[in-house]
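Report on one structure; see the data block that follows.
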Amino acid sequence: MKFINTYSHLGDTFYHKNNPTPVDNPALFLWNETLAEQLQIPSELSHDKHALAQYFSGNQLLPGSEPISMAYSGHQFGHFSPQLGDGRAHLLGDVLDKSGNRWDIQLKGSGRSAFSRNGDGRCAFGPAIREFIMSEAMCALGIPTTRSLAVVTTGEQVHRETSLPGAIVTRVASSHLRVGTFQYFSAQANTQAIKTLCDFAIQRHYPGCLVDKVDPYVMLLDSIIEKQIELIVQWLRIGFIHGVMNTDNMAISGETIDYGPCAMMGTYNPQTVYSSIDKQGRYAFMQQPVIAQWNIARLAECILPLIDSDNNKAIGKLQPLIEEFPNRFNLAYTKMMAKKIGITNVEAEDQTLINSLLDTLKTQELDYTISFNALTQSLDSVDSPNIQAEKKQPDALNQWIDNWHQRLNKQAISHQQAQQLMTQQNPVVIPRNHHVEAVIQQCQQTNNPVAAEKFIRVLKSPYQLLADTSEYQDQARDRDQCYQTFCGT
Ligand code: AMP
Ligand code: MG
């Protein structure tokens, strides 16, 4: 593992240099062996639990690592905070994996920094396990995401509403550049720093912007928009609700980042919100594309000075990109939803077919994942669709199913091929909220990772029924009506 520390080379206005604060009694709780191999972590180290606990608690520094806490701002629920930054995280540096891809390695919960404000710099055990489970599940579902390498318990208590055991999670990301990173320098009118960040982003994520050198920063915004649209479309495919899409929690790489109050939608309802602090539903399930556009508009404002010294001209170049976001999103969304029902070549009327299915799911209060699975399986035998199990008002869905079959019959592909397509889009298992909570509770009560490891094994094959899958497929008894998530502070 060879650290390169690319971000520290940008200059000290971009971060605060400081080491993690050692903890009392670090112990390795979860370790991602596959990811460790990909990151070329030597096998002797990967099997040395004691050494891993030392390194991934921050008690000992990995050779070559130069820990920093990154500076950023952010709009939190629409309100701008000029000074956020990594208040409890340390970027250890970046490394190249087996395939030559570059990854940031970051400890979260590793102590205070210049950005901690009133925070203790620590993370509780529950949220650390949650981040590990959720990010690894998302990765297996095929959603761009940061990864989790390790959870190490600290042997210390953290004080929230009650006293809780502490832990440190190691996050692996293709970068930690957020919309808020650009906002930090924009708030200081530091155009040079914004240019440095944009060049860094182009080099790391979007080298295509340099191909034809006309307006690379317009192209950068365009590329970020494309990636963000792809990301949100994928969230909507599997029912993911991020929960706190503040601009500091949006990575410009297009990876899902910051698994705080996130949750999975059970019963289909576009207004679904689980986060206890999202009183207005700003980050509700179907608000996510709207918020992504809003956040991207904030990013566009930051890069205006790089586009043209005449602000009006600069706006003239970027505004069309922001304005076309909804249309671009809808095209990508419809294409994805069409695949969920086995349609490969989207036609204009398919929008109506999709909407009428979603309306039915909503009015009949059907589970999103179970329903799409039942539809997939129903193609086994077109005459006896086993969607029956989920129906409350059979007639409504029967009518829809008739229309759907007529539509499928118009395609060049067989029902079997359509079913194959659907199988790849519709997971048989997702990290359902009540199972995530139950697993976390078991881990906390026993201080034993087996419950998490078993759950993660199943979540690693979300499109395939394994022997244990059925244990995790059920809806919560209260259909998550009382479920609430909290920021992991
Ligand atoms: P988050 O809600 O995790 O996105 O965090 C928002 C901001 O609060 C970021 O600047 C975090 O670094 C900071 N923060 C969250 N929890 C803590 C903590 N326990 N100690 C210090 N800073 C924190
Ligand atoms: Mg955050």
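The values are calculated or read from the model by the stated rules, or taken from the named source; none is laboratory data. Predicted model only: the values in this text are computed from it and were never measured. Cβ sites come from the backbone with ideal geometry, for glycine too, and all protein chains shown count toward neighbours. Heads up: the accessible areas ignore ligands, DNA and RNA and are worked out on the full protein's heavy atoms, side chains in. Shrake-Rupley method; radii C 1.70, N 1.55, O 1.52, S 1.80 Å.
Numbers below:
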{"read-out": "In segment 66-104, the residues that are in contact (Cβ under 8 Å) with a residue 60 or more places away in the chain, at positive phi and outside any strand (DSSP E or B)", "value": "Phe77, Gly78, Gly85"}
{"read-out": "Subset of segment 63-83 [within 11 Å of ligand 1 (Cβ to nearest atom), open to solvent by less than 10 Å² (accessible area, probe 1.4 Å) and more than 20 Å from the chain's Cα centre (by Cα)]", "value": "Ser69, Ala71"}
{"read-out": "Subset of segment 161-182 [open to solvent by 10 Å² or more (accessible area, probe 1.4 Å) and over 25 Å from Gln54 (Cα atoms)]", "value": "Glu161, Thr162"}
{"read-out": "Residue within segment 132-141 that is within 15 Å of ligand 2 (Cβ to nearest atom), among the hydrophobic types (A, V, I, L, M, F, W, C) and open to solvent by 10 Å² or more (accessible area, probe 1.4 Å) present", "value": "no"}
{"read-out": "Val273 being surrounded by 22 or more Cβ atoms within 10 Å (Cβ to Cβ) and out of contact with any Cys (no Cβ under 9 Å at 6 or more places or on another chain)", "value": "yes"}
{"read-out": "Qualifying positions in segment 244-279 - within 15 Å of ligand 1 (Cβ to nearest atom) and out of contact with any helix residue (DSSP H, G or I) (no Cβ under 9 Å at 6 or more places or on another chain)", "value": "Val244, Pro261, Ser275, Ser276, Ile277, Asp278"}
{"read-out": "Extreme residue, modelled with the lowest pLDDT, among residues of segment 1-26 that are farther than 18 Å from Ile168 by Cβ and of a type in the set (Val, Ile, Thr)", "value": "Ile4"}
{"read-out": "Elements of type helices (runs of 4 or more DSSP H) in segment 380-489, at least 2 residues being at pLDDT 95 or above and under 20 Å from the mean Cα position of the chain (by Cα)", "value": "415-425, 433-446, 450-459"}
{"read-out": "Filter pass, Leu149 being in contact with a Lys or Arg (Cβ under 8 Å, 6 or more places away or on another chain) and within 30 Å of Tyr463 (Cβ to Cβ)", "value": "yes"}
{"read-out": "Any pair with Cβ under 6 angstrom, 6 or more apart, that starts in segment 400-411 at a residue that is under 15 Å from Asn345 (Cβ atoms) and ends at one that is assigned to a helix (DSSP H, G or I) and small (Gly, Ala, Ser)", "value": "Leu408/Ala418"}
{"read-out": "Residues (out of contact with any Lys or Arg (no Cβ under 8 Å at 6 or more places or on another chain) and of a type in the set (Val, Ile, Thr)) located in segment 29-75", "value": "Thr34, Ile41"}
{"read-out": "Residues located in segment 32-49, provided they are open to solvent by 50 Å² or more (accessible area, probe 1.4 Å), under 24 Å from Ile133 (Cβ atoms) and not in a loop (DSSP other than H, G, I, E, B)", "value": "Glu33, Thr34, Glu37, Gln38, Lys49"}
{"read-out": "Any hit, segment 101-114, residues being closer than 14 Å to Ser57 by Cα, within 14 Å of ligand 2 (Cβ to nearest atom) and open to solvent by less than 10 Å² (accessible area, probe 1.4 Å)", "value": "yes"}
{"read-out": "Within segment 242-346, helices (runs of 4 or more DSSP H) holding 2 or more residues that are more than 16 Å from ligand 2 (Cβ to nearest atom) and under 21 Å from Gly142 (Cα atoms)", "value": "288-307, 325-340"}
{"read-out": "Residue match in segment 177-200 (condition: within 16 Å of ligand 1 (Cβ to nearest atom), in contact (Cβ under 8 Å) with a residue 60 or more places away in the chain and outside any helix (DSSP H, G or I))", "value": "yes"}
{"read-out": "Among (1) under 27 Å from Gln157 (Cα atoms); (2) open to solvent by 80 Å² or more (accessible area, probe 1.4 Å) - the single one His9 does not satisfy", "value": "(1)"}
{"read-out": "Condition check for Leu149: open to solvent by 10 Å² or more (accessible area, probe 1.4 Å) and of a type in the set (A, V, I, L, M)", "value": "no"}
{"read-out": "Matching residues, segment 205-221, being open to solvent by 50 Å² or more (accessible area, probe 1.4 Å) and either assigned to a helix (DSSP H, G or I) or on the phi < 0 side of the Ramachandran plot (or both)", "value": "Pro207, Leu210, Val211, Asp212, Lys213, Val214, Met219"}
{"read-out": "Residue selected from segment 329-361 under the condition surrounded by fewer than 15 Cβ atoms within 10 Å (Cβ to Cβ) and either farther than 17 Å from Pro270 by Cα or charged (D, E, K, R) (or both), by the criterion nearest to the chain's Cα centre (by Cα)", "value": "Leu331"}
